[in-house]
Amino acid sequence: MSDVPTHSQVSAGGVPFRQKDDRIEVALISVGEEPRWQLPKGLVGRNEAPEETALREVREETGLETTMLGTLDTIEYWYYATTRGGKRIRYHKFVHYYLLRYTSGDTADHDHEVNEARWFDMNEAVERLAFKNEKKVVRQAQKAIEALH
């Protein structure tokens with residue numbers, strides 16, 4: 001048995017989208033020292049519902065105000081991290097994703113944790129995303145958006 005402690009983590013985020021002319025665009029964020037594109041998400045706060053977290057994190061990380069249209073998926077994965085004290089911790093992470101319609105805001109107003117926030121055509125967004133499970137979530141969003149029309 002491993003002597004590395006395991007903790008659960010719950011995050012929430014979303015697929016912010018807008019219709020521009022005849023195409024659907026999705027907002028992604030670039031993070032990290034070796035930048036990678038991903039969906040905006042963050043840890044669910046104490047006494048905060050995942051839906052509230054998704055709206056807050058999208059607003060903070062992309063600069064965009066959105067409205068909640070529904071649940072897309074919950075993904076889970078494991079990862080390791082090192083604390084400031086040098087101890088290794090294993091995390092079992094759950095991320096709740098929601099479909100979020102853009103209402104206002106500018107991607108230039110993202111917070112300091114993000115290198116860049118940018119709108120992408122839906123298909124280009126899927127190609128740019130670093131993680132396979134997030135690509136799947138955007139494809140689910142695409143189907144949900146098509147069902148709206």
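The values are calculated or read from the model by the stated rules, or taken from the named source; none is laboratory data. Not measured: the values here are computed from a predicted model. Quick reminder, even Gly has a Cβ in these numbers, built from the backbone with ideal geometry, and neighbours come from all protein chains shown.
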Between a first residue in the range 66-82 that is within 17 Å of PHE131 (Cβ to Cβ) and without any contact (Cβ under 8 Å) to a residue 12 or more places away in the chain and a second residue that is among the hydroxyl-bearing types (Ser, Thr, Tyr) and assigned to a strand (DSSP E or B), which pairs have beta carbons less than 7 Å apart while being 6 or more apart in sequence or on different chains?
ALA81/TYR91
For residues in the range 110-149 being modelled with pLDDT under 95 and among the acidic types (Asp, Glu), which is nearest to PRO16 (Cα to Cα)?
GLU146
All but one of (1) part of a loop (DSSP other than H, G, I, E, B); (2) surrounded by 12 or more Cβ atoms within 10 Å (Cβ to Cβ); (3) out of contact with any helix residue (DSSP H, G or I) (no Cβ under 9 Å at 6 or more places or on another chain) hold for ASN47; which doesn't?
(2)
Restricting the search to the range 119-143, which residues are among the hydrophobic types (A, V, I, L, M, F, W, C), more than 17 Å from ALA12 (Cβ to Cβ) and assigned to a helix (DSSP H, G or I)?
MET122, ALA125, VAL126
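A quick yes/no check of all residues on (1) of a type in the set (Lys, Arg); (2) closer than 15 Å to SER30 by Cα; (3) within 17 Å of the chain's Cα centre (by Cα):
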{"position": "TRP78", "(1), (2), (3)": "no, no, yes"}
{"position": "ARG90", "(1), (2), (3)": "yes, no, no"}
{"position": "VAL95", "(1), (2), (3)": "no, no, yes"}
{"position": "ARG101", "(1), (2), (3)": "yes, no, yes"}
{"position": "THR107", "(1), (2), (3)": "no, yes, yes"}
{"position": "ASP111", "(1), (2), (3)": "no, yes, yes"}
{"position": "PHE131", "(1), (2), (3)": "no, yes, yes"}
{"position": "ALA147", "(1), (2), (3)": "no, no, no"}
Restricted to the range 72-118, and to residues that are small (Gly, Ala, Ser) and in a strand (DSSP E or B), which residue is nearest to SER8 (Cα to Cα)?
ALA81
Looking across the range 25-44 at residues that are of a type outside the set (A, V, I, L, M) and in a loop (DSSP other than H, G, I, E, B), the single one that is surrounded by the most Cβ atoms within 10 Å (Cβ to Cβ) is PRO40
